[in-house]
1. Compute the acute angle (0 to 90°) between the alpha-carbon long axis of helix 162-172 and the principal axis of greatest extent of the alpha-carbon atoms of the chain; round to the nearest 10°.
2. Taking Cα atoms, how many degrees apart are the long axis of helix 39-49 and the longest axis of the chain, rounded to 10 and kept between 0 and 90?
3. Which shape class applies to segment 9-124: rounded if a/c is under 1.5, otherwise prolate when a/b exceeds b/c and oblate if not, where a ≥ b ≥ c are the square roots of the Cα gyration tensor eigenvalues?
4. Using a cut-off of 23 Å between alpha-carbon atoms, which lysines can reach residue 27, once sequence neighbours fewer than 8 places away in the same chain are excluded?
5. Which residues does a label at residue 224 reach in segment 160-191, if reach means a backbone N under 11 Å from a point 7 Å past the Cα toward the Cβ?
6. Remind me, relative contact order of segment 8-125 in percent, using alpha carbon pairs under 8 angstrom and six or more residues apart?
7. Roughly what % antiparallel, to the nearest 5, for the DSSP beta bridges in the chain?
8. Of 217, 113, 85, how do they rank once you tally other Cβ atoms within 10 Å and put the fewest first?
Amino acid sequence: MFVIPTRRILVVEDEKDLAELVAFNLKKHGFQAVTVGDGGSALRVVAQQLPDLIILDLMLPVMSGLDVARQIRTNPKTAAVPILMLTARGDETDQLAGLSAGADDYVTKPFSMKVLLARVTSLLRRTPGNDTDGSILTIGPITADLGAHLVMVDGQDTKLTLTEFKLLAALLGAPKRVLSRNELIGRVMGPGVVVTSRTIDVHVAALRKKLERAGGMIRTIRGVGYQLLDAPPQAEGSRAVTADSSSAPL
Ligand code: CA
């Protein structure tokens with residue numbers, strides 16, 4: 001009953017048999033599926049058809065899956081498309097590299113179709129179109145429109161991946177509270193998704209970078225998780241250049 005019909009999924013995989021098997025199973029479950037075997041074709045299809053989700057193999061000829069992910073994330077038009085990356089089993093380096101390049105989630109090879117479909121469905125369920133919560137949250141210089149999937153920092157539009165957005169929304173929804181890594185994984189990746197804590201750390205690092213000066217508001221609580229402060233911490237020496245701050249020392 002949670003199957004969302006006619007969502008378009010792009011499968012980027014150079015192993016033709018595997019690509020066809022994935023596409024066959026996606027179609028069987030009510031999705032539209034397009035397969036391509038290399039990164040260049042993937043970028044063309046993404047630009048032309050803007051799929052609802054991309055299943056992207058890491059190991060591709062010519063252009064790697066990481067480069068494809070990075071290019072998709074750099075283009076404002078495609079920056080928010082969910083990416084599920086296929087990586088080698090047990091290679092944490094590949095998995096973390098995939099997340100750093102902008103993937104929202106990954107599945108390790110060899111995988112069962114059941115697992116792949118579950119992750120696809122979970123990723124699609126948390127896409128902006130399914131967000132009925134239209135509330136707008138503002139803390140310090142950060143404003144997030146949860147329904148429209150928009151984030152502004154100091155009034156500037158900030159492009160986040162789906163996972164980064166969900167992470168920020170979870171933090172904005174619990175200001176000053178310390179959220180454990182497990183709590184964040186549950187809120188961001190969906191219930192029942194098994195990932196390592198390092199996964200959240202990589203997403204937080206990417207989010208901090210994109211938030212620029214507001215990134216410092218996300219505080220690491222060592223051994224526990226993360227906490228959102230209500231304002232960016234004052235950088236050393238920046239007090240002197242703040243126009244309206246009192247000249248009196250602290
Ligand atoms: Ca491959």
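1. With rounding to tens, the tilt is 30 degrees.
2. 80 degrees
3. Note, shape of segment 9-124 comes out rounded.
4. 16, 109, 114
5. Residues 177-181 fall inside that zone.
6. 23 percent
7. 50 percent
8. Fewest to most other Cβ atoms nearby, the residues stand as 113, 217, 85.
A short reminder: the numbers here are calculations on the coordinates, not readings from a lab. Quick caveat: nothing in here was measured; it's all calculated off a predicted structure. When we count neighbours, we look across all protein chains shown, and the Cβ atoms used for this are built from the backbone with ideal geometry, even at glycine.
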